[in-house]
Amino acid sequence: MTTITHFEIYDVRFPTSLTGDGTDAMNTDCDYSSAYVSLYTTSNLVGHGMTFTIGRGNDIVCEAIRQVANRLVGKNIEELFADMGKAWELLVADPQLRWIGPEKGVIHIATGAVDNALWDMYARSRQKPLWKLVVDMSPEELVRSAAWRYISDAITKEEALTMLKSKEAGKKEREARVREVGYPAYVTSAGWLGYSDEKVARLTKEAVQQGFNHFKMKVGASQANDLRRGKIIRSIIDDPQWLPEGSKGRDPNGPDLVGKNAGPTGAVLMIDANQVWDVQQAIDYVRGLEEIKPWFIEEPTAPDDILGHAAIRKALKPYGIGVATGEHAHNRMVFKQLLQAEAIDVCQIDSCRLAGVSEVLSVLFMAAKFGVTVCPHAGGVGLCEYVIHLSLIDYIAVSGSMERNVLEFVDHLHEHFLYPCSINSKGRYNVPANAAEGYSIEMHKSSIAEFGFPNGNYWVKVKAEKEKQ
């Protein structure tokens, strides 16, 4: 019998604020950070997980992880693996910890790190990448693995089971196809608010050459500046001269692009305000950006303002601009209400804002039932490594579609992981294929030693330099 014996937690922070990476209208000073946990067992089996923050407060999340992970010590791993939905319920069932949520905020993202570590361990124990472990499950196992409390008015277990069984027949073909062509991606790296116009133009041209045809830019600080930056990006992505050699672009009226405001080369632009506006302010501001033809506005207002999102979507619909959110939707109940209120066109799950894989499965089930496209939030540190697994699960086992889906890609900090994600020449994610990588989130020990806070080599050096001044 193999049991969980102990865990180790690391506060790891990368100084991305120095280069402007990650800057937007709300988050102007970001040091991409990982609250990272490793679960150890009586065997050699280890499970790794993390949640993402942008610097200060990462230590608070680490302490919350400690409280949640304690609930797994001494547990038989095979009993946990046999019912991952029940294991998830164990993590959220401490009444005293629940009081400081419930199921939201610091305690919830800490639960996400621990649940993800347990799923990583499960996948490693079966010698499969996480996505493959999940898509190989029977419909019954998938339903049993999800988080179900509070969502039966949106989808029942029986409805999910019927839906999953209807997708069983094509799973092998879909898996073979995505292995061959990769999973569609979009790029945000060119659109940070802290970048100069010259850098935006250069990075946009590079992204076009890399095969991307969906691009996102940050907005919200100045409408005039946003319009100027959007025109710069549009002037490049809509111009055939910048396409890769031999490429003719894509049909903007094709089934994968219709309704996305694609330009003449089939390129799509999205915009993201990171929650900076009130409702009417969002409507007025985005109307003023109609000229750059965005597919959607992401996070236009407070992330848990369901009716606000619905009002914004209704007001922008005549302009052909959709609404996307989910990066900060703190649990499945928020997604449930967004879907029930017809408040979003695009569902943006986050791999560790939600409390791990089990809760993500619940949201994937609901989005599929409501017919809403899932385009996960990524970027940060480790999120791209995580979410390719979730998109593969959605495509192969749940929705059965990836034609209109795009998964965010940000080219930052991948070198710190043993199994970094990668993009092919067509601007698509490659499918994780290493049997040992689990959830692809294991971090190099050297990266932890360098950027662990406050005693990592980098931060000790920074402190010493400040003391000299």
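The values are calculated or read from the model by the stated rules, or taken from the named source; none is laboratory data. Since we're looking at a predicted model, the values are computed, not measured. So basically every Cβ, Gly included, is an ideal-geometry build from the backbone, and we count neighbours across all protein chains shown. With ligands, DNA and RNA removed, areas are computed over all heavy atoms of the protein, side chains included. Shrake-Rupley method; radii C 1.70, N 1.55, O 1.52, S 1.80 Å.
Brief remarks follow.
- Qualifying residue in segment 453-468 (condition: outside any helix (DSSP H, G or I), at pLDDT 95 or above and within 14 Å of the chain's Cα centre (by Cα)): no
- Ile109 being touching a Cys at 6+ places or on another chain (Cβ under 7 Å) and open to solvent by 10 Å² or more (accessible area, probe 1.4 Å): yes
- For first residues located in segment 371-389 and of a type in the set (Gly, Ala, Ser), partners that are in a helix (DSSP H, G or I) and lie 6+ apart or on another chain with Cβ distances below 7 Å form the pairs Ala378/Cys384; Ala378/Val387.
- Of all residues in segment 95-135, those satisfying the criterion of being free of Cβ contacts under 8 Å to residues at least 24 places away in the same chain and either more than 24 Å from Asp394 (Cα to Cα) or outside the structural domain of Gly47 (by the TED database) (or both) are Pro95, Gln96, Arg98, Trp99, Ile100, Gly101, Pro102.
- Set Ser152, Ser166: member being farther than 20 Å from Phe7 by Cβ, of a type in the set (S, T, N, Q) and not in a helix (DSSP H, G or I): Ser152
- Members of segment 158-196 that are in contact with a helix residue (DSSP H, G or I) (Cβ under 8 Å, 6 or more places away or on another chain) and either β-branched (Val, Ile, Thr) or modelled with pLDDT under 95 (or both): Val178, Val187, Ser189, Ala190, Gly191, Tyr195
- Residues of segment 88-103 satisfying the condition of being under 16 Å from Asn331 (Cα atoms) and open to solvent by 60 Å² or more (accessible area, probe 1.4 Å): Glu89, Arg98, Trp99, Ile100
- Matching entry among Ala378, Ala355 (being part of a loop (DSSP other than H, G, I, E, B) and over 25 Å from Glu140 (Cβ atoms)): Ala378
- Residue match in segment 57-72 (condition: open to solvent by 30 Å² or more (accessible area, probe 1.4 Å) and in a loop (DSSP other than H, G, I, E, B)): no
- Checked against (1) modelled with pLDDT under 95; (2) in contact with a Pro (Cβ under 7 Å, 6 or more places away or on another chain), Asn261 passes all but a single condition, namely (1).
- Residue check, Leu307 open to solvent by less than 10 Å² (accessible area, probe 1.4 Å), in the same structural domain as Gln210 (by the TED database) and either touching a Ser or Thr at 6+ places or on another chain (Cβ under 8 Å) or not in a loop (DSSP other than H, G, I, E, B) (or both): no
- Search result, residues across segment 207-228 that are over 9 Å from Val187 (Cβ atoms), of a type outside the set (A, V, I, L, M, F, W, C) and either open to solvent by 30 Å² or more (accessible area, probe 1.4 Å) or without any contact (Cβ under 8 Å) to a residue 12 or more places away in the chain (or both): Gln209, Ser222, Gln223, Asn225, Arg228
- Subset of segment 27-42 (residues that are closer than 15 Å to Asp120 by Cβ and open to solvent by 40 Å² or more (accessible area, probe 1.4 Å)): Tyr40
- Matching residues, segment 196-206, being open to solvent by 20 Å² or more (accessible area, probe 1.4 Å) and within 24 Å of the chain's Cα centre (by Cα): Leu203, Glu206
- Within segment 136-151, residues that are assigned by the TED database to the domain that holds His389 reach no partner that is surrounded by fewer than 21 Cβ atoms within 10 Å (Cβ to Cβ) and not in a helix (DSSP H, G or I) with beta carbons closer than 6 Å at six or more positions or on different chains.
- All told, Lys260 falls short of being in contact with a strand residue (DSSP E or B) (Cβ under 9 Å, 6 or more places away or on another chain) and surrounded by fewer than 21 Cβ atoms within 10 Å (Cβ to Cβ).
- Filter pass, Ser391 being open to solvent by less than 10 Å² (accessible area, probe 1.4 Å), in a helix (DSSP H, G or I) and of a type in the set (S, T, N, Q): yes
- Checked against (1) open to solvent by 10 Å² or more (accessible area, probe 1.4 Å); (2) hydrophobic (A, V, I, L, M, F, W, C); (3) touching a residue at least 40 places away in the same chain (Cβ under 8 Å), Met50 passes all but condition (1).
Okay, residues lined up against (1) touching a strand residue (DSSP E or B) at 6+ places or on another chain (Cβ under 6 Å); (2) open to solvent by 30 Å² or more (accessible area, probe 1.4 Å); (3) not β-branched (Val, Ile, Thr):
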residue: Ala154; (1), (2), (3): no, no, yes
residue: Ala160; (1), (2), (3): no, no, yes
residue: Leu164; (1), (2), (3): no, no, yes
residue: Lys167; (1), (2), (3): no, yes, yes
residue: Gly170; (1), (2), (3): no, no, yes
residue: Arg174; (1), (2), (3): no, yes, yes
residue: Arg179; (1), (2), (3): no, yes, yes
residue: Pro184; (1), (2), (3): yes, no, yes
residue: Val187; (1), (2), (3): yes, no, no
